[in-house]
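> For reference, the structure I am asking about is given below.
The values are calculated or read from the model by the stated rules, or taken from the named source; none is laboratory data. Computed from a predicted model, the values in this text were never measured in an experiment. Methodologically, a virtual Cβ is constructed for each residue, glycine included, from the backbone with ideal geometry; neighbour enumeration extends over all protein chains shown.
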Amino acid sequence: MNETIERILAHRTVRDFEDKALSSEQIETIVRSAQAASTSSFVQAYSIIGVTDPDKKHELSKIARNQHFVAENGHFFVFCADLHRHDIIGNMEGKDVAASLESTEKFMVSVVDASLAAQNAALAAEAMGLGICYVGGLRNDLEKVSELLKIPDKVIPLFGLAVGYPASVNDQKPRLPFEHIYHENEYQQNNAVYKAQLKQYNEEIQEYYRARTEGERCDTWTGQMAEMLSHPQRMYMHDFVEKQGMNKH
């Protein structure tokens, strides 16, 4: 197994960082690595905002329910689905691009492009010995995030990426069984097999929590997911995306 694959398989989230900023060279390398990711039809429908202002980072931390690593890190990146530049392109080239930019298809392209770029950025950061943590909590209040970062129409801040020098490293959480994720030729339809795989995974997750908390926690993955999904979150999102001029049809 080569070094790249070993690094991918060894990934774990880092939430505690040293008080040490990334250099401009590190930041540029991470962003250029993000730009090297695949992009649908060369659309490049994303932007990355680096947040260095301590006050802005503190406000973003509050939006993310006071997750300290949003404010305390080496550098904080915000990945955005971005069709704003394509709106400008339509104007430059004298083409009516409105219907395309408002379509669900191009919205999906922008989200996928941003996600692919972010994972390249994460891998580049980890290759430099840095730790990373994705932050979806920014979506708790995208109106406020957009105000703080001066986000224009046809741009959606999707998530943050906290990067820095690890002060501590968490244990690696076990992932779902390979057989549960990988389907060959067609989707697995046997629910009895599906449930058996989930029960097996629940046992593994319970053991992980018991070891990590000295027996104080032993919840299951399916229990976590069912509890979370029984309380709908961020139900404003559809209206916000439409307001930004995206995913209208």
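> Just wondering, is there one or more residues in segment 44-60 that are surrounded by fewer than 16 Cβ atoms within 10 Å (Cβ to Cβ), closer than 20 Å to Phe79 by Cβ and of a type in the set (A, V, I, L, M)?
no
> Then there is this: What helices (runs of 4 or more DSSP H) completely inside segment 62-117 contain at least 2 residues that are closer than 24 Å to Leu148 by Cα?
68-71, 84-93
> I need every pair where a residue in segment 180-197 that is aromatic (Phe, Trp, Tyr) has its Cβ under 8 Å from the Cβ of a residue that is in a helix (DSSP H, G or I), sequence separation at least 6 or different chains.
Matching pairs, first to second residue: Tyr194/His180.
> What strands (runs of 3 or more DSSP E), lying completely within segment 127-238, carry at least 3 residues that are modelled with pLDDT of 95 or more and under 24 Å from the mean Cα position of the chain (by Cα)?
131-135, 155-164
> Name the residues in segment 1-36 that are hydroxyl-bearing (Ser, Thr, Tyr), assigned to a loop (DSSP other than H, G, I, E, B) and over 24 Å from Thr52 (Cα atoms), would you?
If the condition is that a residue be hydroxyl-bearing (Ser, Thr, Tyr), assigned to a loop (DSSP other than H, G, I, E, B) and over 24 Å from Thr52 (Cα atoms), then no residue fits.
> Turning to a different aspect of this structure: Can you tell me which of (1) over 18 Å from Leu9 (Cβ atoms); (2) surrounded by 14 or more Cβ atoms within 10 Å (Cβ to Cβ); (3) out of contact with any strand residue (DSSP E or B) (no Cβ under 6 Å at 6 or more places or on another chain) is the one Ala167 doesn't meet?
(3)
> Which condition breaks for Gly245 when tested against (1) more than 30 Å from Ala64 (Cβ to Cβ); (2) small (Gly, Ala, Ser); (3) outside any helix (DSSP H, G or I)?
(1)
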